Each structure stands twice: as structure tokens, then as C-alpha cells.
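Every number here is computed from the coordinates shown, using simple stated rules; none is lab data. As the structure is a computational prediction, the values presented were derived from the model and not from experiment. Cβ placement follows ideal geometry from the backbone for every residue including glycine, while neighbour counts extend to all protein chains displayed.
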Amino acid sequence: MKLRVVSFLSAAAVCVSTFATAQPADQAAEQARVAAEAREAFESTLPWTFRGVTYPSQRYFVENFKCGAEKFKSSNRDEEEFLLELAKGSGGASALRGGTINVYWHVINNGTSLSQGNIPDSQISSQIDVLNAAYGGYGWVFKLVAVDRTTNASWYTAEPGTTAEDQMKAALRQGTADDLNIYSNNMGGGLLGWATFPSSYARNPTDDGVVILFSSVPGGTAAPYNQGDTGTHEVGHWMGLYHTFQGGCSKTNDSVSDTPAERSPAYGCPVGRDSCSGTRYPGQDPITNFMDYTDDACMNTFSTGQGTRMETMFTNYRLGK
């Protein structure tokens with residue numbers, strides 16, 4: 001799930017402009033300062049506020065609200081790692097190299113106007129274009145096959161794990177495991193979206209899908225998260241990807257070997273951030289990766305390893321299911 005922090009944005013903007021003019025020595029010092037500030041904020045026990053809602057701490061928010069993607073059981077992760085190792089042993093990531101994914105879009109609104117969530121077909125088409133631009137390099141094509149519109153005040157503000165979410169999905173979900181259902185609504189709690197993982201489909205098929213804030217689609221009002229990459233991020237979870245900061249500074253972190261370890265989420269576009277320093281954790285934080293929490297304008301890539309993981313997860317948990 002994606003839910004990012006407004007209070008960090010002005011600081012991140014300052015960092016970007018500083019890097020543009022700094023000399024190498026100054027730049028290194030600035031990188032260290034940015035990393036220290038991010039670590040201090042994340043590890044602080046002070047109350048933390050996002051979109052008018054105060055949480056016990058930033059860490060509490062990230063671990064419980066930040067992205068509505070499901071919390072994963074160790075048994076699920078062990079199974080996934082086994083499949084990835086099996087794929088390596090067979091000489092390839094999987095039998096699949098992309099494919100066409102049918103998309104069913106469910107517009108949940110509270111009235112007929114755009115401000116009430118009734119986004120037009122043109123914005124939906126633009127969101128599909130964003131997905132195809134992000135995933136096309138890995139062979140994936142998203143094909144919009146149906147759009148339906150539902151006026152329901154309860155579903156319009158549905159949040160993850162609620163009765164409203166269950167009712168909404170039970171009534172509207174279409175297709176099978178390899179079909180993508182996207183629900184757009186005006187979720188509360190400061191969320192931008194949430195998603196289910198591939199390995200959860202067999203346990204609860206009706207729950208499968210992605211939910212995004214209606215104003216996060218291209219041309220929406222949720223700036224700086226209104227270029228469609230909330231959708232890209234949440235579909236990444238649906239394809240089996242973790243956050244780049246999963247597990248913090250550890251060798252296994254997001255289970256992808258070519259994404260540098262990251263202590264905590266990045267916000268804004270903090271160029272040069274390196275929150276897991278030292279020779280054990282080479283590389284600066286992957287702030288341009290779609291699975292971080294940076295601004296839409298900052299994120300623009302998946303790694304090769306993430307592409308491999310998507311193929312393996314889709315083949316084993318979605319294809320033909």
C-alpha cells in the first residue's frame with residue numbers, strides 16, 4: 001500500500017536543489033545529513049501527523065497504515081523463496097515472459113461529479129497507459145476490458161480490512177486469478193491505495209485486487225501523487241513485489257538482490273540518500289523505484305530482479321488459476 005508523508009516534502013525539495021549546486025565533498029556531507037534525518041524521524045517515538053490524523057509514531061504508521069498491502073506470514077515468504085530458487089535451478093525465472101492482463105475497473109463514487117469520485121473514462125485510460133509504460137519493458141500489457149460505476153457512500157470511503165471493502169469486492173469483482181480488478185474510491189486514513197499479494201488468491205479469491213485513491217490517477221488532485229504511480233506501485237504488490245525498504249538494512253530485505261537495502265521509506269525525491277551505509281550495503285537508496293514511497297515524478301523504474309520476481313510469482317500463483 002502506498003501512503004506518503006506530506007511533512008517531508010518541503011525538506012526533500014530543499015535537498016534536491018542543494019544537490020544540484022553542491023560540490024562533491026559538500027554533497028557527501030549532505031547525503032549523510034539526509035540519511036541521518038530520515039533515520040531519526042523513522043526511529044522517533046514522538047507522535048506523527050499525516051493528513052490531519054495523528055499516529056503514535058512514524059514507524060507505527062509505516063508498519064500499520066502506510067501501504068495497505070497485506071502483512072505477510074513467514075510461511076508465505078518461505079514458499080516464495082523456494083519457488084524463486086527452483087526457477088533459478090531450472091535455468092530461468094519462469095516459463096513466462098510477460099503477457100496480457102485483463103483489467104476490470106470499478107469506479108466507486110458518492111455522486112455524479114468528479115469531486116465525488118466519478119472519474120471519467122479518459123482518466124482511466126490514462127492510468128492504463130501509465131501501467132503499460134511502467135511494465136511494458138518486462139513484457140506485460142494491461143488491457144482495459146470493462147468499466148462499471150457504483151454510487152455507494154459506504155464503499156466510497158472503504159478502507160482495508162473493513163466490512164465495506166468485503167461487500168464492495170464481493171459484489172463487483174470479476175475474472176480469475178490472472179485478471180486485475182482495480183477499485184477507485186476516496187479511502188480515509190490518509191491512504192493512497194492498497195493491494196493483495198499473488199499467494200493470497202487461493203485463500204480468498206474475492207479479496208484479490210487493487211484499490212487506489214480516485215484523485216491519484218493522472219490529472220487528479222492528489223499532487224504530488226497524481227501522475228498514476230500509486231496505481232503502478234499497488235499493481236507491483238499485486239504482481240508479488242515488496243517495498244524496497246522491506247526488512248530495512250538487511251541482505252534479504254525485499255527478496256530482490258539488485259535493489260539496494262533501504263532503512264526506511266523515502267519521501268519527495270531525496271537524491272543521494274543512503275540510509276544503509278557501509279560496504280555490506282552497497283548502493284544508494286532506490287528512490288526512483290516504483291516500490292518506494294517517493295513522489296510520482298521521482299519514481300520511474302523496476303529492477304531486473306523485480307522483473308524476474310514478477311514473472312515467477314505470476315506464473316506460480318496467478319497464471320491459469
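Database remark: amide H of TYR183 closer than 5 angstrom to the amide H of HIS106, VAL210, VAL211, ILE212 (H placed geometrically; neighbours at sequence offset of 5 or more, or on other chains; Pro and chain starts carry no H). Sorting SER126, SER303, SER275 from the fewest to the most surrounding beta carbons within 10 angstrom yields SER126, SER303, SER275.
Taking every alpha-carbon pair under 8 Å whose residues sit at least 6 apart, region 177-293 reaches a relative contact order of 19 percent. Evaluated at q = 0.11, 0.18, 0.19, 0.21 Å⁻¹, the base-10 log of the normalised Debye intensity for region 98-239, with identical point scatterers placed on the Cα atoms, takes the values -0.34, -0.99, -1.11, -1.39. Residue by residue, region 199-206 carries 3J(HN,Hα) couplings of 5, 8, 4, 4, 6, 8, x, 5 Hz when phi is fed to the Karplus relation 6.51 cos²θ - 1.76 cosθ + 1.60 (θ = phi - 60°); x denotes Gly or Pro. Shown here: region 117-193, whose C-alpha atoms stretch 37, 25, 22 Å along the first, second and third principal axes, sorted largest to smallest.
Beta bridges from DSSP with both residues in region 86-243: antiparallel share about 15 percent, rounded to the nearest 5.
Sorting LEU180, LEU46 from the fewest to the most surrounding beta carbons within 10 angstrom yields LEU46, LEU180. Peptide packing: for 280-293, 143-156, the average count of neighbouring Cβ atoms within 10 Å per residue gives the ranking 280-293, 143-156, highest mean first. Packing order of peptides 308-317, 100-109, highest average first: 308-317, 100-109 (average count of other Cβ atoms within 10 Å over each peptide's residues). Residues GLU234, GLU159, GLU165, ranked from the fewest to the most other C-beta atoms within 10 Å, line up as GLU159, GLU165, GLU234.
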